[in-house]
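J.: Sharing a structure, written as structure tokens. Questions coming.
Values quoted throughout were computed directly from the atomic coordinates according to the rules given, and no laboratory measurement underlies them. What you are looking at is a predicted structure, and each value in this text was computed from that prediction instead of being measured.
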Amino acid sequence: MLSNQSKYAIRAVLYLAVNTSKNNKLGAKKVANLIDVPAPFLAKIFQKLSKSKIILSTKGPKGGFYLTKKELSNNLLNIIDCIDGLAFFNSCFVGLPKCSDENPCAIHHIAGPCRDTLKRELTDRTIAEFAKDTKEGKSFLFLK
């Protein structure tokens, strides 16, 4: 459903949300190693996210990537939109060019509500809320 790039972006942003602050930044390579994603790929993802102000970065010896309260108030849909766009949430699940309630595909009435619920949850919950679940051990970003 989501590209690897979006999946990696979500995991990495949540890792930053749990483990960084303005005074405690992490480099893309270190995050990539910790969450087991390809480092060059994550560096490009972080560039996109930083350019879109979803994460922050500073250069220099104490530089790296991090989030503040402002970025923590973003939602996961912003991350997906930055990386892949939102076409998935507006397109037919089986790929028909014109699928709607009036002209549904075979699984439209099953896939549509699931997609709508997912979009709503990814919009309504903040990065901070998802990070809280991770801090409390209710969800995981990588296997131990």
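J.: Is there a pair in K22/K70; K59/K132; K53/K119 whose C-alpha atoms are over 19 Å apart, and which pairs would that be?
T.: K59/K132; K53/K119
J.: If the elastic network links every pair of Cα atoms under 10 Å, which of N33, N19, N75 fluctuates the most in the Gaussian network model of the chain?
T.: N33
J.: Which residue, V13, V31, V94, has the most motion in a Gaussian network model of the chain that connects Cα atoms within less than 10 Å?
T.: Ranking V13, V31, V94 by mean-square fluctuation puts V94 first.
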